[in-house]
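Following: one structure in structure tokens, then a few remarks.
The values are calculated or read from the model by the stated rules, or taken from the named source; none is laboratory data. No experiment lies behind these values; they were computed from the predicted model shown. All Cβ positions, even for glycine, are placed from backbone atoms using ideal geometry, and neighbour counts span all protein chains on display. Just the protein is used for accessible areas: all its heavy atoms, side chains included, with ligands, DNA and RNA removed. Shrake-Rupley method; radii C 1.70, N 1.55, O 1.52, S 1.80 Å.
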Amino acid sequence: MALLLLLLLMHFLVLPISVSAAGGGDAYIGVNIGTDVSEMPSPKEIVALLKAQGIQHVRLYDADQSLLLALANTGIRVAVSVPNDQLLGIGQSNATAAKWVSRNVIAHVPATNITSIAVGSEILTTLPNAAPLIVSALTFIHSALVAANLDQQIKVSTPHSSSIILDSFPPSQAFFNRTWNPVMVPLLKFLQSTGSYLMINVYPYYDYQQSNGVIPLDYALFRPLPPNKEAVDPNTLLHYTNVFDAVVDAAYFAMSDLNFTNIPIVVTESGWPSKGDSSSEPDATVDNANTYNSNLIRHVLNNTGTPKHPGIAVSTYIYELYNEDLRTGPTSEKYWGMFYANGEPVYTLHLTGAGTIFANDTTNQTFCVTKSNADAKMLQAALDWACGPGKVDCSPLLQGQPCYEPDNVVSHATYAFNAYYQKMAKSPGTCDFKGVATITTTDPSHGSCIFPGSFGKKGSKINGTLLAPSNSTSSGCLSQYYYNGGSFTSSVILVALLLNVFVM
């Protein structure tokens, strides 16, 4: 009889509970956009990168007005945030919350597709004195959405650090820090009653780093494990092949511990740093960051779910879009981004078969172009350098040649910058030109002007090195380009080219 009861108990432990994907449908991958960047791209440049990379979901750490305007009419789904320093006012005043919603949400929808509001970030662990105000802040924000008839379209929640989950392995024994029960119980009731979801930040990198060797690196990076290396929950007999799933399931079990079994989860932050202190953070490497994020994206988009809830989507926002060079703390804090501020990828994700997100993986086509707000004199100086000391073949820019039109410094500089970038095999730092250039995945070729690195009209790739000169001092354009009122004068270039012919 005891054995029968045990088997029945095991059966109920592994039965799926009535959890559905947040927002319904398939899982999605989004990206966090941090702004602690010394040369932050303009909103227009950010949106151009998002579109080029096929990114359809973003999370902002505030509700930046210019970026919300730039995101208008793109279809990109946006999660806006109430910063921690605004929580006190909103949590104490319904009117303040209504004003925030009016300015940061109502003023932008429907043109900007705002789908959720994250109220604060990791309040329980970073700002515990404000914890009693979380639920009232959520309630006041939600009430303002109800008044505007936006509560079905826009969900309200608050992101938590996974460290609020105690005894997280095995996942079936996990529970929230009991200290926070007076906050977590009404919070979960709010999420349940409004059809929202638990937001949680999941960082296998930190779990691995702090485990003192207990957690294998492969287990943290989603790498395949032999069956005898998989972690098994002794209470449910569920097998865990990666840290991410174990933490998400621990969150499900922690909610169950408080008798909430139908609240979905969205992972608001997850990622891996590409660089760290060589002695204390040796596993913060480009290879590991690439491996983790590539595997995470595949795992999420395949709707794999977790061992506790197979097939139930766990949508996830990658931390983060750009490296944030102004962040303080350990070295790795500056290197979580997938892109440099100039739009150049830190690494090329391995995403074959993972859909259209992050287009830099499919053809590895990136181009170097002028920044939209670049100073004309700086562009001119950079163009002179590229066609001179940079040894770029600028002859396609001569009058009568395919890339002469449009005859302006922006267009000609774009060609020269890209030719240099391709010639240098897209090496880091070769698309900067003192801050007037940026990386894009949009092919700048036009008409019969096919840029180096382009596949051209017929699909055959134009090898940048074939269009760039050799390293000999007699090749390339040795003169400067002169623009007078927008008119291009090429006589000096022609002289230089003729001199090249005579001296060869």
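Observations on the model:
- Label sites at SER93 and SER211, each approximated as a point 7 angstrom past Cα along Cα to Cβ, lie 4.7 nm apart.
- The residues packed around TYR319, meaning those with a beta-carbon under 12 Å from its beta-carbon, carry a net charge of -2 if Lys and Arg are +1 and Asp and Glu are -1.
- For HIS160, net neighbour charge (Lys/Arg +1, Asp/Glu -1) across residues whose Cβ lies under 14 Å away: -2
- Just so you know, the Cα atoms of region 111-189 work out to an Rg and Dmax of 14.5, 45 Å.
- Computed with a 1.4 Å probe on the full set of protein chains, the accessible area for SER411 sits at about 20 Å².
- Label-to-label distance, LEU69 versus ASN149, with points set 7 angstrom from Cα along the beta-carbon direction: 2.7 nm.
- Between MET378 and LYS51, the simple spin-label model (points 7 angstrom out along Cα→Cβ) gives 2.4 nm.
- Region 360-454: Rg to Rh, with Rh as the Kirkwood radius over Cα pairs: 0.93
- Our summary gives region 71-160 a relative contact order of 39 percent, counting only alpha carbon pairs under 8 angstrom and 6 or more residues apart.
- Of LYS371/LYS423; LYS155/LYS371; LYS44/LYS334; LYS51/LYS189, pairs whose Cα-Cα distance is over 26 Å: LYS155/LYS371; LYS51/LYS189
- Straight-distance crosslink candidates among aspartates and glutamates, where the alpha carbon sits under 13 Å from LYS426 and sequence neighbours closer than 8 are dropped: GLU344
- Local electrostatic count, LYS308, Cβ distance below 11 Å [Lys/Arg +1, Asp/Glu -1]: -3
- Taking packing as the residue-averaged number of other Cβ atoms within 10 angstrom, the listed peptides 54-67, 245-258 run from highest to lowest as 245-258, 54-67.
- Segment ASN262-ASN84, extension gain: residue separation times 0.36 nm, minus the distance between their alpha carbons: 61.3 nm
- In this calculation the C-beta distance from THR179 to ASP325 is compared with R0 = 30 Å, giving a FRET efficiency of 0.25.
- Counting every pair of alpha carbons in region 52-130, the share spaced more than 16 Å apart comes to 51 percent.
- Estimated FRET transfer efficiency when R0 is 22 angstrom, pair SER280-MET40 (beta carbons, to 0.05): 0.20
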